[in-house]
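Here's the structure, in structure tokens; my notes come after.
The values are calculated or read from the model by the stated rules, or taken from the named source; none is laboratory data. What you are looking at is a predicted structure, and each value in this text was computed from that prediction instead of being measured. Please note: Cβ atoms are built from the backbone with ideal geometry, for glycine as well, and neighbour counts cover all protein chains shown. The accessibility values were calculated without ligands, DNA or RNA, using every heavy atom of the protein model including side chains. Shrake-Rupley method; radii C 1.70, N 1.55, O 1.52, S 1.80 Å.
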Amino acid sequence: MSTEAKQNTITPNTITIDGQEIPFKDGQTIMDAALAAGVYIPHLCHRPGLTPHGSCKLCVVDIGSRGVSFHNSDRRVQTKFSVDIDGRSVSACTTPAVAGQQISNNTPALNEVRKTITQMLFIEGNHICPSCEKSGDCTLQAMAYHLGMLDGHFPQFFPHREVDASHPTVMLDRDRCILCELCVRASREVDGKNVFAIAGRGITAHLIVNSPSGKLADSDLETGDMAAHICPVGAILIKEHGYEVPIGRRTFDLHQVGEIGLEKVILAKVRHTDE
Amino acid sequence: MEQNATSQSNLRRVAIDPISRVEGHGRITLLLDDENHIHEARFHIVEFRGFEKFIQGRPYWEVPFLVQRLCGICPVSHQLAAAKAVDQLVGVERLTPTAEKLRRLLHFGQTLQSHALHFFHLSSPDLLFGFGSDPAQRNIVGVLDKYPELALKGVKLRKYGQQVIAAIAGKRIHGTATVPGGMNKILTIAERDALLVDIKDILAWSSDALALNEQIHTANPEHRDFATIRSNFLSMVGSGGELEIYHGGLRARSASGADIFDQFDYRGYQQIIREEVRPWSYMKFPYLIELGKEQGWYRVGPLARVNNCDFISTPLAEAARKRFREFGQGGFVHDTLAYHWARMIEALHCAESIYELLHDPDITGTDLVADLGEKRREGIGVIEAPRGTLFHHYQIDEEGLITKANLIVSTTGNNQAMNESVRSVANEYLDGHEITEGLLNHLEVAVRAYDPCLSCATHALGKMPLQVELLDADGMLVDRLTKGGNGVIERTV
Ligand code: SF4
Ligand code: FES
């Protein structure tokens, strides 16, 4: 069989990511299949077990049409935002895996796009890493390192956002919120509550608390809730426990952001169940 | 000593342009009276503005790491002063022995590296070549060239101090070490042993640096009088009256050595110190309330500490202190350039203390955090930073957010003193209505003795950008000379 013919043959229930054949089960997204096979697709708003949300766009991948080999769709030669004529850019976390998909993931061009998105996340909020207690444990910061981001590139927005420290054990610092809705979903789907929501649109979008006063103290959030621990940045914090982990033993001193299953390590760490 | 005729024009100049702030120029304004004598000198420092506001609304446990960003040379001092205040907020009176010793070790490392930086990078060119010498040679490059061995020791002393910091705080600069009521990391046996490797050399080099400074100061009579002023001194001392840079009571003594107060609990600092605001400066002017605004200014830092203490707990530094004391004929040494000498006595004390702490079994202990007590709404932490007594004062609300912060940074403590020293030098070296290069250089040497923060970090190569202006009795600009960071001097009237 010629190479060409081989490429046109679809193995049932497999997709190809960067040339590697990956099996999937019905109903799985590209992200699900990739993670199950140990292939890292950068993501911030995705968490196995929670309904995909598709908001951060870090998981952008290119799907080439069938028969277009991965090498032909290498976008090194293309400009940043152009779309492959033969394919399309999609969010891996929300796009179902379909047999025969030829997917580009870990390419310089896609990582460049991801870096730009990460820069935007930084400048839209007030992320002051040097004094932030989440430094070294923050997935956004780790992502920036992973993608080789050296600066914010765009001018800072310096938005004005509220701190809510009314709750006895949990603090909300909206300055650092990247609107990933992980807390919203964790509260609803795991904790069986409905503590958080996003209100407003565009640049005025912000995290709100579903309580009569809008304050965390009046919500039914409890320290043990997953929503209190899931924030990938330093926006939801357990009060009075910052800086307890010394430099050298923080999550990303010991791990790479691309490690599969890292979310379990992080959750154990913030819940203090890792020791 | 207050200005009069010149207020109008000075009011306008209060809006210090941001460019000079970014570049970190020091700026000196000399005000002449009708007889063309300098009746006031104003040394402008524009740092620390707005930091107290910036902290408001932040959670208290974050503060040590926010405020350490105030400074690139002594961040540890800010972290520790804030941490001491935070201990009070969480109701901790006493740290565990290991935590307290780790904090001390950290602070000794910090002070050693800061003092080493100051001497070898900033002041050794002035001292070794003489401050009237060719500015082209009078810098760290010149020192490297002519005294390579000495320069190398300086670099290594600084590196060692940073190594101590890194072992405890995880990074050489802007690490994390403190938590409310304690520390976040043990010092492992391996880390301790790594620090022990070079400690003997560090002791020897600190002794050499001290000997050199002592020799320079005692052998040059002109150093005695240069920029010298008589002043009160403020510092912390230990419970036995010993030199103490981490925790103790406040002691103030007058120029003649008489007690103004002693073993004063620093949490009541507002009863003894007030800060005066002057329209021309962002930096406040603290004074001892008992003596009033005019007489109550004081000096802080190495000279104040070595003068004020009754003894030093480590033998080599104590022997050096006794010689220092003899030089002052039993009284205080007021020589401004003796700051350098005192600084090296302290550096040696740091090295000796590091040696002692590394041999203390508690230092590798594992009990790091004390039991927290009842929460309090107010905390005041004071520490002797390399440049002098440093005050951090915070109030929090019931949610744990900062509502009010007041910082008296070390350089502020020397604010009036620096102006006085500058005035003394200007009076001696100003000839007529022209600011000469010689005058500018001499002013720089005077300011540098105090090691003000602005000359640190970005200007570590001894090329402090400086602007000197001369105003007549009507507030009109008579002359202005500017030296850029590249050493180029320009007249810009
Ligand atoms: S608070 Fe954290 S988890 Fe919630 S939306 Fe913001 S960034 Fe995401
Ligand atoms: S992980 Fe897919 S959009 Fe965020």
Given bins 20 angstrom wide, list per bin the percent of all Cα-Cα distances in chain B, short to long.
24, 58, 17, 0
As I understand it, the value is the acute angle between the Cα axis of helix B:148-169 and the longest principal axis of the Cα atoms of chain B; what does it come to in degrees, rounded to 10?
50
Simple spin-label estimate for B:ASN406 and B:GLU490 in nanometres, 7 Å along Cα-Cβ:
4.2
Excluding A:TYR40 itself, calculate the net charge of residues whose Cβ lies under 14 Å from the Cβ of A:TYR40, where each Lys or Arg counts +1 and each Asp or Glu counts -1.
-3
What does the charge dipole of the protein assembly as shown about its Cα centre add up to, to the nearest 20 debye, if the Cβ of each Lys and Arg holds +1 and the Cβ of each Asp and Glu holds -1?
1240
Of the convex hull enclosing the alpha-carbon atoms of segment A:128-271, the direction-averaged projected area in nm² is 9.1
Working from the alpha-carbon coordinates of chain A, get Rg over Rh, Rh being the Kirkwood radius.
1.00
Relative contact order (percent) for chain B, with alpha-carbon contacts under 8 angstrom and 6 or more residues of separation?
25
Sequence gap at least 6, Cα distance under 8 Å: using those rules, report the relative contact order of segment A:161-215 to the nearest whole percent.
26
For B:LYS404, enumerate residues with amide H under 5 Å from its amide H, sequence gap 5+ or separate chain, H modeled in the peptide plane.
B:GLN395
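Scaled to the compact-protein estimate 2.2 N^0.38 Å, what is the alpha-carbon radius of gyration of the protein assembly as shown, rounded to two decimal places?
On the way: Rg = 30.4 Å, N = 768, 2.2 N^0.38 = 27.5 Å.
For the protein assembly as shown, the normalised Cα radius of gyration is 1.11.
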DSSP-assigned coil residues among GluC sites (Glu not before Pro) in segment B:335-410, each with at most 13 further Cβ atoms within 10 Å
B:GLU374, B:GLU398
Roughly what angle does helix B:75-89 make with the longest principal axis of chain B, taking Cα atoms, 0 to 90 degrees, to the nearest 10?
60
When the helices in chain B are scored as -39500 (n - 2.57) per DSSP H run of 4 or longer and the sum is shared across all residues, what 222 nm value do you end up with, to the nearest 500 deg cm²/dmol?
-12500 deg cm²/dmol
Using a simple spin-label model with points 7 Å from Cα along the Cα→Cβ vector, what separation in nm is obtained for B:GLN329 and B:LYS53?
5.1
Per-pair calculated FRET efficiency, R0 = 35 Å: B:THR436 and A:PHE154 via Cβ, rounded to 0.05:
0.10
Tell me: how much accessible area in total is hidden between B and A, 1.4 Å probe, Å², nearest 100?
1700
Can you tell me, using C-alpha contacts under 8 Å and at least 6 residues apart, the relative contact order of segment A:128-271 as a whole percent?
30
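Could you rank the peptides B:115-122, A:105-112 by their average count of other C-beta atoms within 10 Å per residue, with the highest value first?
Those peptides, ordered most packed to least, come out B:115-122, A:105-112.
Taking all protein chains in place and a 1.4 Å probe, what share, in percent, of the accessible surface of chain A do carbon and sulfur account for? Each step should come with its number before you reach the end.
Numbers: 6970 of 12910 Å².
Summing carbon and sulfur atoms, their accessible area is 54 percent of the total for chain A.
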